[in-house]
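Read through the structure below, which is laid out as C-alpha cells, and then see the notes.
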Amino acid sequence: MTQSNASRRVTMQDIARETGYSINTVSHALRNKDDIARETRLRIQQVAREMGYMGNQIASSLRSGRTRTLAVILGNMSNPFYGIMTDTIQDAAAAKNYSLQIMCSREQADLEERLVETAVARQVDGILLFPTNQSLPTVQRLQSLGVPFVLMSRPLGEGIADSVTSDDAQGAYLATTHLIEHGCRRPGYLAHQRIVYSYDKRLEGFERACDEARIPAEDRFHYCSGEHPGTAEPNWHNSVTQCLLRWREAGVDGLFVFCDEEAWHVQSVLQQTPELRDWRPGIVSFDNIQGTQHFPADLCSVDCGRGIELLRARIHGDDRPPQNVICPVHLVCRGSCRAKGK
C-alpha cells in the first residue's frame, strides 16, 4: 500500500486512488452512509485509517451548515451528579455522531449568559443547559438567536422552553414512602437551597407521601438552608448541624435529603458531631450517584432517566410547541432507610 506523505494531509482523493473507488463512494463510506455496501464501507474505512486520514470538520460544516457539536452547560462540576449526566449525554451524543463542548456556569447567571454567547459564537448545533435559578434572560436570548436548546433537570416553568427532567414529585414520594414503610413516623425534608422547580416538586412528593400515611402536620419537618455546600461550606455545615440537632430533639426519625451530595454531607455531620453520633435516622435521597460510582457509605436513592433526543429533533427542524419530557424514576434501596436502623 502506498504510504501517505507525512508533510501533507491525506485527502479523500488519495483514498480514492488507493482503493479504486470514486470520490463520491469514498465520501459516503467515510460518513457511514447506508447506500454503500457494508463490505465496501469497511474496506474504505480501513484504508483511510491506515493512511492516517482525518476528516475536515470545517469544510464539512460549511457544506452542511452544521458542526455536529453540542454545548453542555453544567451547573457545578464538583457535584458527581453532573459528571454522571455528562457521561450519559456523551454516550447518547456519540451514538448520533455528535461531539461535546463542556462548560460550567457555577450556578451563576451572569457567567451562564457569557457561556451561552461563547457556545453560539463557536456555532454549536444546539445547547443542553442546566439552568440556574435566574436563567430566564438566558433562555430569552437563546430564543431570540434561534439556537436549538433544551433545559436539563430544571424546566423553569410550563411552556417556557423544551426541557428534560426527572419526575421529581414522584421520586420524592417514593423516597418518603420508603422511609415510612421502614418505621419512620416523623419525617424531615432537608435541602441546601430552593432549586428552581425541583425543590418545590420534591416537597410536593414528600407531603403527598405524608398525607397518604396520615402523618399529622406537626410531625412533618422541612428545612432549606439557602447555602450551597460547594461555595459556602462552613455556613452549610453549621446550618445543617444546627438543623439536625433541633430535629433530633423533636424526635425526627427519617430524613429525605434533596440529593446524594447533600445526603453524604448529612451522614458526615452525623458521624462527626458528638451530640448526634447515637442518633440513627433513616436516610433516603435523590440521583443514585452510587449506581455508577463507589462510595463507602451506602445510601438509598432515587434513580432518574436522561436523554438528548429532543434537542436532536429541534436541530433537524422539529417546530412543535415547547415539550417537557419527564423521565420515570425508581428507588434503589441500600439499607440507609431504616428509621430504627442497625
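The values are calculated or read from the model by the stated rules, or taken from the named source; none is laboratory data. These figures come from a predicted structure and were not determined experimentally. Because the Cβ atoms are built from the backbone with ideal geometry, glycine has one as well, and the counts that use them run over all protein chains shown.
Write out, first by first residue and then by second, each pair whose Cβ atoms fall under 7 Å of each other, whose residues are 6+ apart or on separate chains, and whose first residue, in the range 131-145, is in contact (Cβ under 8 Å) with a residue 40 or more places away in the chain and closer than 10 Å to Glu112 by Cα while the second is among the small types (Gly, Ala, Ser) and assigned to a loop (DSSP other than H, G, I, E, B). Taking only residues 6 or more apart or on different chains, the pairs are Thr132/Gly75; Thr132/Ser105.
Within the option set Gly291, Gly254, being outside the structural domain of Arg154 (by TED's automatic domain parsing) and in contact with a Gly (Cβ under 7 Å, 6 or more places away or on another chain) holds for one residue only, Gly254. The set of residues from the range 121-144 being within 15 Å of Cys104 (Cα to Cα) and among the hydrophobic types (A, V, I, L, M, F, W, C) comprises Ile127, Leu128, Leu129, Phe130.
Annotation: of all residues in the range 181-201 being part of a strand (DSSP E or B) and of a type in the set (Gly, Ala, Ser), the one that is modelled with the lowest pLDDT is Ala191.
Residues checked against (1) among the hydroxyl-bearing types (Ser, Thr, Tyr); (2) within 17 Å of the chain's Cα centre (by Cα); (3) modelled with pLDDT under 95:
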| position | (1), (2), (3) |
| --- | --- |
| Ala217 | no, no, no |
| Asp260 | no, yes, yes |
| His265 | no, no, yes |
| Val284 | no, no, no |
| Gln290 | no, yes, yes |
| Pro321 | no, no, yes |
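In the range 164-182, the residues that are without any contact (Cβ under 8 Å) to a residue 40 or more places away in the chain form Cβ pairs under 7 Å with partners that are assigned to a helix (DSSP H, G or I) and among the acidic types (Asp, Glu), at six or more places apart or across chains, as follows: Ala169/Glu204. Restricting the search to the range 145-163, which residues are in contact with a Gly (Cβ under 7 Å, 6 or more places away or on another chain) and either assigned by TED's automatic domain parsing to the domain that holds Ser198 or buried (at least 24 other Cβ atoms within 10 Å of the Cβ) (or both)? Phe149, the sole residue that qualifies. Considered as a group, the residues in the range 29-42 that are in a helix (DSSP H, G or I) and without any contact (Cβ under 8 Å) to a residue 12 or more places away in the chain include one that is surrounded by the most Cβ atoms within 10 Å (Cβ to Cβ), and that residue is Leu42.
Condition check ((1) surrounded by fewer than 15 Cβ atoms within 10 Å (Cβ to Cβ); (2) modelled with pLDDT of 90 or more; (3) assigned to a helix (DSSP H, G or I)) across all residues:
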{"position": "Ala16", "(1), (2), (3)": "no, yes, yes"}
{"position": "Thr25", "(1), (2), (3)": "no, yes, yes"}
{"position": "Tyr53", "(1), (2), (3)": "no, no, no"}
{"position": "Asp91", "(1), (2), (3)": "yes, no, yes"}
{"position": "Leu100", "(1), (2), (3)": "no, yes, no"}
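Here the condition is being polar (S, T, N, Q), crowded, with 18+ Cβ neighbours inside 10 Å and not in a loop (DSSP other than H, G, I, E, B); of Thr132, Thr138, it holds for Thr138 alone. Ala169 falls short on exactly one of the conditions (1) among the hydrophobic types (A, V, I, L, M, F, W, C); (2) under 23 Å from Tyr98 (Cβ atoms); (3) assigned to a helix (DSSP H, G or I), and that condition is (2). Annotation: of all residues in the range 64-77 being out of contact with any Cys (no Cβ under 9 Å at 6 or more places or on another chain) and surrounded by fewer than 17 Cβ atoms within 10 Å (Cβ to Cβ), the one that is farthest from Glu117 (Cα to Cα) is Ser64. Pairs are defined by a Cβ separation below 6 Å, a sequence spacing of at least 6 or placement on different chains, a first member in the range 105-116 that is within 17 Å of Ile127 (Cβ to Cβ), and a second member that is surrounded by 16 or more Cβ atoms within 10 Å (Cβ to Cβ) and among the charged types (D, E, K, R); the pairs so defined are Ser105/Glu112. Please find, within the range 176-224, the residue that is surrounded by the fewest Cβ atoms within 10 Å (Cβ to Cβ) out of those that are touching a Lys or Arg at 6+ places or on another chain (Cβ under 6 Å) and of a type in the set (A, V, I, L, M, F, W, C). Among them, the one singled out is Cys224.
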